[in-house]
Amino acid sequence: MEQAQESLSDVRPKRPLRAWFDVRGHNAGSWAFALNRLTGIGLAAYLIIHLVVLSTLLQGEAAWDNFITTAKTLPFLILDVILIVGLVFHGLNGVRVALVGTGVAADKQRTLFWVLMVIGVLITVFAAVMVFAAEG
Amino acid sequence: MATITSEKSSKQKTTQPDSATTVWIIQAVTGLLLILLLGLHMIAHHFIVEGGLRTYQDVLDYVSNPVILVLEILFLIVVTPHAMLGLQGIVLDLGPSKSATRTIVWVFRILTVLILGYGIWLAVALQNA
C-alpha cells in the first residue's frame, strides 16, 4: 500500500490543475478524465442552482411563472442542451470508468469509450430535438 | 487521499479498506444509482406528465405525490454525496497539505449535510405549499 502511495505521488503532476487541461498529444482517456471533471464541476453547480430555482415555488405562482418565462428563452434552451451534454457525457463515462475499474471491461477500455460516446451523441441529439420541439 | 491513509494506524491499514478505494466504490455505486434515478426523474417529467411539468399547479401536484416525494428524496440522498465527494476529490488532487486536507474533507462533509438538509426540507415544505 505504501509503495503504491509512493508511486502515486511520483506520477502525480507537479501542477495538477494545469495537467487536466493540457491534453495535447494525450489519448482519449486523458480527454475523458479532463471532461469528466469539468462536467462534474458543472453538474455540482447545477445541483445547487436547481435547488435555488425550486425554492421559488415557495414564493408563489407569480415567482414561478416569471422563472418559466425566462426558462423558455433561447439562451436558456441552449443551456438546457449544454446541461444534457454534460449529464450524458458524465453518466456514460462514469459507466465506462466503473466497468474498467471493476475489471469487467479492463481490456476493452478504448472500444467502450467510443461506443458509449456514439450512444451519448445519439441521446444528446434526441434530447436536444425534444427540448426545442417542446418550446418551438 | 494518501495523506488520510498515512494517518491510520498500521492495524487499521490491514483491517480497513483504503479511503480512496472506499470513495471510488461509493462514487461508482451512487453513480449507477443516479443513472437509474435520473432516468425515472426524466421519464416522470417528460413522458408521464403530458407536455412536461410547466405550470405552478402542475409542479405542486407532481411533488405532492408521495411516491415522487420518496423518489426525489432518494435522488437527493444519492446525488449530494456523489457531487460533494467528486468535488472533494478534485480539490484534494491539487495536493494540499495534511492539515488542509483534513479541513477540506470536513468542509465537504458539512456542505453535504447542509445541501441534503435543505433539499429534504424543501421537498417536504413543497408538500404544504
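Here are some notes:
- Selection of segment B:76-104 for residues being away from chain A (no Cβ under 11 Å) and either under 15 Å from the mean Cα position of the chain (by Cα) or of a type outside the set (A, V, I, L, M, F, W, C) (or both) yields B:Ile77, B:Val78, B:Pro81, B:Ser97, B:Lys98, B:Ser99, B:Thr101, B:Arg102, B:Thr103.
- Here the condition is being within 12 Å of chain A (Cβ to nearest Cβ), under 13 Å from the mean Cα position of the chain (by Cα) and either farther than 18 Å from A:Val52 by Cα or not in a helix (DSSP H, G or I) (or both); of B:Leu34, B:Leu116, B:Leu111, it holds for B:Leu34 alone.
- Of all residues making up segment A:34-44, the number that are over 21 Å from A:Ile123 (Cα atoms) and more than 9 Å from chain B (Cβ to nearest Cβ): 1
- The set of residues from segment A:92-118 being closer than 20 Å to A:Leu43 by Cα and in contact (Cβ under 8 Å) with a residue 24 or more places away in the chain comprises A:Leu92, A:Asn93, A:Gly94, A:Arg96, A:Val97, A:Leu116, A:Met117.
- Test: residue in segment A:73-81 that is out of contact with any His (no Cβ under 7 Å at 6 or more places or on another chain), assigned to a loop (DSSP other than H, G, I, E, B) and not hydrophobic (A, V, I, L, M, F, W, C): yes
- Those residues of segment A:103-117 which are closer than 17 Å to B:Leu34 by Cβ and over 18 Å from the mean Cα position of the chain (by Cα), in sequence order: none
All of the numbers you see were taken from the coordinates with simple rules; none came from a lab. This is a predicted model, so every value here is computed, not measured. When we count neighbours, we look across all protein chains shown, and the Cβ atoms used for this are built from the backbone with ideal geometry, even at glycine.
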